[in-house]
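K.L.:
Have a look at this one.
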Ligand code: HDD
């Protein structure tokens with residue numbers, strides 16, 4: 001007698017077997033999805049139709065409202081369910097957002113691994129990806145300076161593979177036993193629960209000073225990588241060293257990478273600070289909007305591979321998560337592509353209940369002895385039990401798309417129903433061969449490795465080199481990235497008020513990396529300035545550590561927000577032209593008006609009467625700030641007179657300029673840009689006398705007489721605004 005799955009879960013799994021692999025997870029979830037658009041009446045949780053959900057049952061007479069009755073099971077259910085809505089947030093990475101997509105393998109690596117997902121180029125593997133910050137709580141701001149989580153759940157035909165990575169390739173600690181200390185130190189301090197969403201406090205910097213192994217990672221978190229422009233524009237790294245196993249049982253160490261096709265881009269710190277207040281959901285909304293508008297984010301999926309017998313051939317230990325494998329020594333091989341193309345239907349059951357687990361790997365992939373990974377493999381499963389209960393893997397978002405059958409039973413909120421009279425193995429009914437028909441490995445087998453040694457609390461010698469790669473990283477940055485690191489360190493240490501903390505970091509730790517950096521930071525934060533380097537920095541560099549090397553193959557404004565500033569009497573030709581150009585390049589034009597009421601172009605209102613359609617802006621000038629946009633365009637026209645009287649608009653121009661964003665202006669608007677920048681920066685941007693654009697100081701302007709055109713000719717484009 002074969003055990004069978006029953007109920008919705010069984011139906012879901014049967015349905016899933018007959019759909020294209022790409023849609024498998026979506027079809028699987030449909031069985032648990034209802035829509036509020038259906039005509040279904042309101043019911044209680046036990047399915048009884050509700051007559052009134054607005055008034056509690058109470059004793060009444062015509063004059064008086066009497067006591068509410070405990071008897072009202074409808075009210076009690078509503079209140080009780082509400083009282084229990086919250087579950088514990090993730091102990092780290094509490095703030096995050098997710099999306100569905102799929103993974104496509106371009107190049108089989110059969111010689112390295114027998115994992116189906118890494119062999120079969122015809123497959124489309126569904127994925128769910130959750131991006132997160134680390135330090136802040138669930139309601140904290142998106143643009144804080146922090147590591148970003150990059151957790152991928154691959155729903156493969158052989159079970160779920162969770163690759164739980166970050167946007168930075170290394171980590172703060174080497175041994176998992178240090179994780180609670182590290183997290184306590186970086187989280188808000190225990191006495192006052194301050195600060196939120198920041199590492200800028202005494203305890204974090206005290207911890208990293210006392211743990212020199214954290215030096216490499218804190219140099220990354222002080223770089224632009226920690227303030228990404230978008231989740232769509234950051235790299236993902238598996239960080240830990242895993243193992244690939246081929247059919248012959250041969251093992252290779254592997255590191256996994258995701259490289260964004262839009263390039264790696266960051267905010268500048270001033271923007272990040274302001275956006276945290278202006279739009280705390282900036283990254284979450286950015287991802288959702290790009291997917292809604294079908295500009296699907298994509299990443300190349302790449303691996304770095306080291307044969308097992310070369311484990312000791314490098315200056316660094318290949319199992320040390322505080323080290324990268326420099327790409328000039330261990331080249332990157334791009335083998336696939338990850339695309340995100342569907343937003344969640346409801347945040348809590350999908351994104352919040354998504355639960356990742358580093359120990360979820362599939363046949364053909366194995367763990368290395370990376371001491372951080374080994375501890376992680378214990379921690380994730382355990383934390384999900386505390387957050388979601390022991391049956392967390394049965395939740396729709398977490399369950400695999402392939403059949404699940406075993407004798408794990410019971411526990412709180414068990415969904416699966418297994419028919420049959422036995423619940424143990426082996427039993428007199430079931431016989432499943434451990435290998436498949438061809439005799440190939442049919443399931444997960446830990447690869448066989450010879451190990452010997454003494455029982456000791458220790459790490460091997462190469463784990464002790466904490467500085468070489470911190471220097472390598474800093475040396476490899478471009479000059480402006482180095483400046484940003486210096487400013488970031490100065491900001492962070494300025495927020496530490498214990499001189500022991502900021503002096504130790506500036507005078508000692510930084511002096512071990514780069515003397516100029518240490519001197520500048522020490523001077524800025526009021527620490528004694530070091531006069532000599534603590535140890536030599538030999539200037540060694542490595543490729544691909546500076547993010548400036550990750551530009552898209554072709555420059556693109558796809559999915560970038562271009563603000564178009566308008567008031568009554570804007571020039572319709574320039575306006576329509578920019579709209580058409582931005583849309584043609586898949587950019588998102590956003591109209592920011594002096595008001596959000598209908599605004600008419602020059603010539604669209606004659607003697608106070610509308611003769612054209614005008615446009616309704618998306619926002620008014622006080623509703624948004626320049627920080628929320630990637631570029632700004634101001635068409636010429638009589639409206640410029642009104643714009644010039646608005647201090648907010650001049651501030652907008654200066655702020656965008658200060659944040660190194662493109663500004664475009666035509667005709668009269670060129671004078672406005674000059675007036676704003678001249679007052680603050682003392683600059684005068686050039687303008688052509690014809691309508692040919694010229695560029696100076698990053699500002700693109702076109703003056704002179706425009707090509708003839710009227711609002712009528714451009715009305716169609718405007719209507720599409
Ligand atoms: Fe972790 C969550 C990434 C080390 C213990 N971790 C978590 C998430 C990411 C990472 C992206 C959020 C997953 C999600 O979106 O739900 N963690 C990392 C990386 C590490 C790392 C890249 C170093 C290579 N983590 C690490 C260690 C431990 C943990 C050493 C414990 C020994 N991590 C956890 C956790 C979390 C978690 C406590 C909290 C919420 C969760 O697991 O689901 O178990």
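K.L.:
Ranked from highest to lowest mean number of other Cβ atoms within 10 Å per residue, what is the order of the peptides 300-307, 500-507?
P.N.:
Going by the mean number of other Cβ atoms within 10 Å, highest first, we get 500-507, 300-307.
K.L.:
As a footprinting exposure proxy, order 219, 233 by other Cβ within 10 Å, with the fewest listed first.
P.N.:
233, 219
K.L.:
Can you give the % of DSSP beta bridges in the range 527-646 that are antiparallel, to the nearest 5?
P.N.:
If I count the DSSP bridges inside the range 527-646, around 20 percent turn out antiparallel.
K.L.:
Of the peptides 540-549, 485-494, 76-85, how do they stack up when ordered by the mean number of other Cβ atoms within 10 Å, highest first?
P.N.:
Highest to lowest by the protection proxy: 485-494, 540-549, 76-85.
K.L.:
To continue, here is another question. Return the calculated 222 nm mean residue ellipticity for the chain, to the nearest 500 deg cm²/dmol, obtained by summing -39500 (n - 2.57) across DSSP H runs with n ≥ 4 and dividing by the residue count.
P.N.:
After summing the helix terms and dividing by residue count, I get -7500 deg cm²/dmol.
K.L.:
When every alpha-carbon pair in the range 561-719 is counted, what percent end up more than 19 Å apart?
P.N.:
The proportion of pairs with Cα distances above 19 Å equals 49 percent.
K.L.:
Is the C-alpha gyration tensor of the range 448-562 telling us rounded, prolate or oblate? Criteria: a/c under 1.5 is rounded; beyond that, a/b larger than b/c is prolate, otherwise oblate.
P.N.:
Note, shape of the range 448-562 comes out oblate.
K.L.:
Another one. Suppose we keep just the DSSP beta bridges with both residues in the chain; what percent of those would be antiparallel, to 5?
P.N.:
Here the antiparallel bridges make up roughly 75 percent for the chain.
K.L.:
Moving to a separate point now. Decide, for the range 274-321, between rounded, prolate and oblate: order the square roots of the alpha carbon gyration tensor eigenvalues as a ≥ b ≥ c, take rounded if a/c falls under 1.5, and otherwise choose prolate if a/b is larger than b/c, else oblate.
P.N.:
oblate
K.L.:
At q = 0.31, 0.33 Å⁻¹, what is the log10 ratio I(q)/I(0) for the range 43-85, with the Debye formula run over Cα points and no solvent?
P.N.:
-1.14, -1.20
K.L.:
Packing-wise, with mean Cβ within 10 Å as the measure, how do 391-399, 248-256 rank, highest first?
P.N.:
Top to bottom by mean Cβ count within 10 Å: 391-399, 248-256.
K.L.:
Rounded, prolate or oblate, given the Cα gyration tensor of the chain, with a/c below 1.5 counting as rounded?
P.N.:
Here the chain falls in the oblate category.
K.L.:
A further question follows. Sort 551, 234, 217 so that the residue with the fewest other Cβ atoms within 10 Å of its own Cβ comes first and the one with the most comes last.
P.N.:
So the ranking, lowest neighbour count to highest, is 551, 217, 234.
Any read-out appearing in this document is the output of simple, stated calculations on the displayed coordinates, not a laboratory observation. Since the structure is predicted, the reported quantities are computational estimates derived from the model, not experimental observations. As a convention, Cβ positions derive from the backbone with ideal geometry for all residues, glycine included, and neighbour counts pool all protein chains shown.
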